[in-house]
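Notes follow once the structure below has been shown.
Derivation of every value follows stated rules applied to the coordinates shown; laboratory data play no part. In this text the structure is predicted, and so the values were computed from the model without any measurement. Backbone-built Cβ (ideal geometry, glycine too); neighbour counts: all protein chains shown.
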Amino acid sequence: MLAVALLFVLPRIRRAVTRAQAAVGEVGSALDRTLGAIRTAKANGGEGRETVVGSAIERAHLAGLTGARHRAMVSVLSAISVQAAILVVLGLSGFLVTTGGLILFALIAFLLDVIYLSSPISALTGSLSLLQRGLGAAVRIGKVESMAVEEDVDSAVSTLVVPGPPQIEILELVFPYPTRIPVSRGVSINVAAGSQTALVGLSAAGKTTLFALLQRFNEPDRGAIRLGGRDIAELTRAEVRHLTAYVEQDAPKMDGMIRDNLIYGNPTASPDEIAEVLRDTRHELALREALDAVSARRTVLLIAHRLSAVASAEQIVVLENGIVRAAGTHESLLRSDALYRELAATQFLTNETPVPIARQRESWLFGLPLRNRPSSAFTPP
């Protein structure tokens, strides 16, 4: 009876634990998302709508209760089975003793055997219950272990030779996110060595995805990216990321002082190098001057939402729905491309005045070579 009950109950314990672990994961994800946007939620009166955390906690609570009920059922069944066995042995043996079919000493021996077996049986059922809990948790661990791992991020890069600013060639790049249409559909862009190229376009045009492919955060389905004539697929990720600097639009804050964040990409940066990075970043004009100075030693590829920040770039590429819609200078695109004219008109670019840098939203990628850079995660304030 106990064995049949365990075969029925133990799998339910494993399934309940698996559901509880999944719900706890949802709680962590929801908390991370909600707390990260807490000011947005509060500013828009959205506290009452952010109920995802509460529902995930409720699911975790219910799954935990279900598992606890099943574990309690196993303990009760184990105790009942042992006590029932003692009663059966006692009753049957007592009857045999009274009829002369069994001597008293044999009755005592049978009772002692059952009593001695009760503790191991209880321990065994408890262990089986604990094993099912572990197997349920192991399902989640197995999912994490099955995720793809970047195995070349710790490889040596000290012997990599950097002759100078490279030409960047993006050739027929195709990349889809899972369950979505391709966000990069045959993109081809040529960035001359030591030049500035800007990527512009509406949201979801594929600009950020292209940067992710350049840093090998993702791998394309088809096509190639070449730095200085060499396919980045032939380089390790450590080499690609050592030779490029990716300056994010909203840089995360790492643990430590402000200085620790500034030198995160190069812990050996000197005070003079840090000061140089921080000098005259107060407005867009100063940023443009700094960018022009950097372009003498770097190949610069940048995403811009304010066209005034990139109007002087040697090449501006207009992306739309994962393809290159047009490319050229600011003046030529104003004449030839309707979307670019619309973007320029909405930003009053024809009557442009310097705009405080706090009002612009840009991401910058500085190309090869980038040794001794103070930080790869520095964003102007």
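Please list 330-339, 292-301, 105-114 highest first by mean number of surrounding beta-carbon atoms within 10 Å per residue.
The packing order, highest mean first, is 292-301, 330-339, 105-114.
Using θ = phi - 60° and the Karplus relation 6.51 cos²θ - 1.76 cosθ + 1.60, list the HN-Hα couplings for the range 60-68 in order, rounded to whole Hz, with x at every Gly or Pro.
5, 5, 5, 5, x, 4, 4, x, 5
Could you order peptides 210-221, 262-273 by the average number of other Cβ atoms within 10 Å of their residues, highest first?
Working: 210-221: 17.5, 262-273: 14.8.
In decreasing order of mean packing, 210-221, 262-273 become 210-221, 262-273.
Grab the beta carbon distance between Asp154 and Ala123, set R0 = 51 Å, and tell me the FRET efficiency rounded to 0.05. Show your work: numbers first, answer last.
Working: r = 45 Å, r/R0 = 0.89.
My answer for the efficiency is 0.65.
With θ set to phi - 60° and the Karplus curve 6.51 cos²θ - 1.76 cosθ + 1.60, what are the ³J(HN,Hα) couplings of the range 120-133 in order, to the nearest whole Hz, using x for Gly and Pro?
With coefficients 6.51, -1.76 and 1.60, one gets x, 5, 5, 5, 5, 5, x, 5, 5, 5, 5, 4, 5, 5 Hz.
So how far apart, in nm, are the two label points at Leu92 and Arg297 if each is 7 Å from Cα heading toward Cβ?
9.1
Working out 0.36 nm times the residue gap between Tyr177 and Arg230, then minus their Cα-Cα distance, what length gain in nm do you get to one decimal? Intermediate values should be presented prior to the final figure.
Values: separation 53, 0.36 × 53 = 19.08 nm, distance 2.55 nm.
The span from Tyr177 to Arg230 would gain 16.5 nm if fully extended.
5 Å is the cut-off here: which amide hydrogens, built 1.01 Å from N in the peptide plane, fall below it relative to Ile323, excluding neighbours closer than 5 in sequence?
Those lying under 5 Å, H to H, from Ile323 are Arg185.
Ranked highest first by average number of other Cβ atoms within 10 Å, how do 132-142, 146-156 line up?
132-142, 146-156
Measure off 7 Å from each Cα along the Cα-to-Cβ vector at Ala192 and Ala109, then give the distance between these two points in nanometres to one decimal.
10.3
Each residue of the range 193-198 in order: what ³J(HN,Hα) in whole Hz does its phi give by Karplus 6.51 cos²θ - 1.76 cosθ + 1.60, θ = phi - 60°, with x for Gly and Pro?
4, x, 10, 10, 10, 10
For Ala304, what residues show an amide H to amide H distance below 5 Å, using hydrogens built from the backbone and excluding near sequence neighbours?
Leu199
Name the long-range amide H neighbours of Arg222: under 5 Å, sequence gap of 5 or more, or other chain; modelled H, no Pro or chain starts.
Val174
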